[in-house]
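Let me begin by presenting the structure, written as structure tokens, before commenting on it.
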Amino acid sequence: MGIFKKKVNEENYIIVEYYLESKTSLSDAAWGLAIGQSVGNPNIRSVWETDELFKNHSCIVLNNKTKLRKKKGKVKIAFPAANINIVSDGVSQLLCQIMGGQLDIDNIKKCHVLDIQFPEQIKKFFKGPKYGIEGIREYTKCWDRPLLGGIVKPKTGIDAETLLCIVKEMVEGGVNFIKEDEIMSSPLFCPIEERVPVIMEYLKDKNVVYAVCINSDPPHLLSRVQKVHELGGNAVHVNFWSGMGCYKSIRELDLPLFLFFQKSGDKILTNSNHDFHIKWDVVCKLAGMMGVDFIHAGMWGGYMKYDEEELKKTVQVLHEQNVIPSLSCGMHPGLVQAINKRLGVDYMANVGGALHGHPGGTQSGAKAMRQAIDGYHAEEYAQAIEKWGLVE
């Protein structure tokens with residue numbers, strides 16, 4: 001049936017690169033994946049599976065079968081673009097196809113998604129970032145240096161007036177961006193309808209992006225996006241647990257809102273130590289295609305430690321997608337110049353604990369970060385370095 005081929009017309013296929021480990025052979029694992037994720041049961045054929053159906057709808061293993069006798073290695077699988085209506089099936093169905101039923105096949109011991117290549121007929125339905133790197137810098141008037149982001153703490157339990165007080169100190173300290181924590185969403189004691197008008201009235205003449213946390217299930221998520229826009233908001237923050245496809249849906253509303261992808265919890269999907277996972281860079285690539293402007297990319301030197309070379313590759317992937325990488329989870333003033341040396345300045349230093357936990361309070365914490373970024377080292381910076389140290 002021609003399931004193994006050296007090449008295909010790439011315009012008609014989504015090509016996914018996998019690392020597979022099999023109990024028997026790569027050939028068996030690749031066959032099971034290709035058939036199981038397209039036309040049927042890997043081991044049982046039926047009269048309904050005609051040659052024409054196989055030709056048009058079966059996945060194809062882009063390797064010579066005789067070269068797949070070893071039990072582990074990389075394999076490319078071509079998924080027919082005809083098998084998905086990307087407009088209405090969306091990213092949810094895409095992920096179901098590329099990382100779905102093969103995980104139930106006993107012969108496949110490990111399955112890692114390493115890369116995805118899309119044909120133009122699929123790519124054209126992804127809008128990409130509405131603003132992107134240049135649009136963010138134009139809005140915030142922050143050039144040639146990292147953006148300064150602040151994260152609202154406490155994570156939850158505060159009312160709208162207390163939130164406003166926190167935001168004022170962050171803005172007066174010099175932040176370019178504020179993100180509500182992913183734990184916030186819309187609790188009864190501080191719902192979106194109450195807090196957004198209060199915050200945006202204060203920010204109306206300021207070049208600060210304020211990302212409102214809107215985590216929820218459909219259909220509430222998209223109605224919250226509309227609500228934030230109607231209330232004068234300029235950005236939304238969505239954690240990946242709201243569904244990978246939600247970013248594409250939000251972007252397709254085409255509202256004047258910056259979109260922040262928050263990754264906390266993603267390691268359930270992306271941890272490279274897991275037998276079954278999707279590489280984090282693949283998620284970043286897909287997020288950029290879907291239209292996020294910012295993404296929590298990882299961290300160097302904080303309590304969430306990423307391998308330096310891996311983080312550099314992630315930052316490169318995001319820059320190629322016109323997305324600002326947000327570095328967070330242990331960011332403090334003493335890390336800024338060290339990170340600049342390693343990654344350049346097209347990123348956002350996103351700070352929570354080291355901003356609010358500064359000896360002088362929240363405003364001083366923001367000033368210390370501002371000074372670290374701008375190279376003007378005053379008292380607030382010195383206090384921060386004494387508390388958190390300076391990393392070369």
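At a glance:
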quantity	calculated
Enumeration of residues in segment 373-392 that are in a helix (DSSP H, G or I), in contact (Cβ under 8 Å) with a residue 40 or more places away in the chain and of a type in the set (Asp, Glu)	374
Top-ranked residue in segment 129-177 [being among the acidic types (Asp, Glu) and not in a loop (DSSP other than H, G, I, E, B); ranked as farthest from residue 190 (Cα to Cα)]	134
Test: residue in segment 50-58 that is outside the structural domain of residue 277 (by TED's automatic domain parsing), in contact with a helix residue (DSSP H, G or I) (Cβ under 8 Å, 6 or more places away or on another chain) and not in a loop (DSSP other than H, G, I, E, B)	yes
Residue satisfying condition, being surrounded by fewer than 19 Cβ atoms within 10 Å (Cβ to Cβ), free of Cβ contacts under 8 Å to residues at least 12 places away in the same chain, of a type outside the set (Val, Ile, Thr) and part of a loop (DSSP other than H, G, I, E, B), within set 181, 217, 205	205
First in segment 64-83 and surrounded by fewer than 13 Cβ atoms within 10 Å (Cβ to Cβ), second anywhere and of a type in the set (S, T, N, Q), Cβ under 8 Å, 6 or more apart	69/25; 69/27; 70/25; 82/12; 82/56
Residues of segment 236-280 classified as under 9 Å from the mean Cα position of the chain (by Cα), closer than 30 Å to residue 109 by Cβ and not in a loop (DSSP other than H, G, I, E, B), total	2
From 46, 22, 27, 58, residue being more than 27 Å from the chain's Cα centre (by Cα) and at pLDDT 95 or above	22
Residue in segment 124-164 that is surrounded by the most Cβ atoms within 10 Å (Cβ to Cβ), counting only those that are among the small types (Gly, Ala, Ser) and more than 22 Å from residue 206 (Cα to Cα)	128
Long-range neighbours under 9 Å by Cβ, at least six apart or interchain, first residue within 19 Å of residue 269 (Cβ to Cβ) within segment 243-255, second in a loop (DSSP other than H, G, I, E, B) and basic (Lys, Arg)	248/127
Residues (within 23 Å of residue 19 (Cβ to Cβ), hydrophobic (A, V, I, L, M, F, W, C) and out of contact with any Leu (no Cβ under 9 Å at 6 or more places or on another chain)) located in segment 41-67	60, 62
Segment 122-155, residues that are over 23 Å from the mean Cα position of the chain (by Cα) and of a type outside the set (Lys, Arg)	143, 144, 154
Residues satisfying the stated conditions in segment 349-374, i.e. under 22 Å from residue 163 (Cα atoms) and crowded, with 24+ Cβ neighbours inside 10 Å	349, 350, 351, 355, 358, 365, 366, 367, 368, 369
Among the residues listed as 118, 189, the single one being of a type in the set (Phe, Trp, Tyr), touching a residue at least 24 places away in the same chain (Cβ under 8 Å) and farther than 30 Å from residue 74 by Cα	189
Contacts under 9 angstrom Cβ, first residue in segment 270-282 being outside the structural domain of residue 74 (by TED's automatic domain parsing) and at negative phi, partner assigned to a loop (DSSP other than H, G, I, E, B) and of a type in the set (Gly, Ala, Ser), 6 or more apart	279/272; 280/272
From 224, 251, residue being in contact with a helix residue (DSSP H, G or I) (Cβ under 8 Å, 6 or more places away or on another chain), under 27 Å from residue 299 (Cβ atoms) and basic (Lys, Arg)	251
Among residues of segment 315-372, those that are closer than 30 Å to residue 116 by Cβ, touching a Gly at 6+ places or on another chain (Cβ under 9 Å), part of a loop (DSSP other than H, G, I, E, B) and not hydrophobic (A, V, I, L, M, F, W, C), counted	3
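Residues are listed down the side, and each one gets a yes or a no for (1) touching a helix residue (DSSP H, G or I) at 6+ places or on another chain (Cβ under 8 Å); (2) in the same structural domain as residue 362 (by TED's automatic domain parsing); (3) at pLDDT below 95; (4) at positive phi:
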residue	(1), (2), (3), (4)
112	no, no, no, no
119	yes, no, no, no
139	no, yes, no, no
191	no, yes, no, no
207	yes, yes, no, no
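The values are calculated or read from the model by the stated rules, or taken from the named source; none is laboratory data. Because the structure is predicted, anything quoted here is derived from the model rather than measured. Glycine gets a Cβ as well: all are built from the backbone with ideal geometry, and neighbour counts include every protein chain shown.
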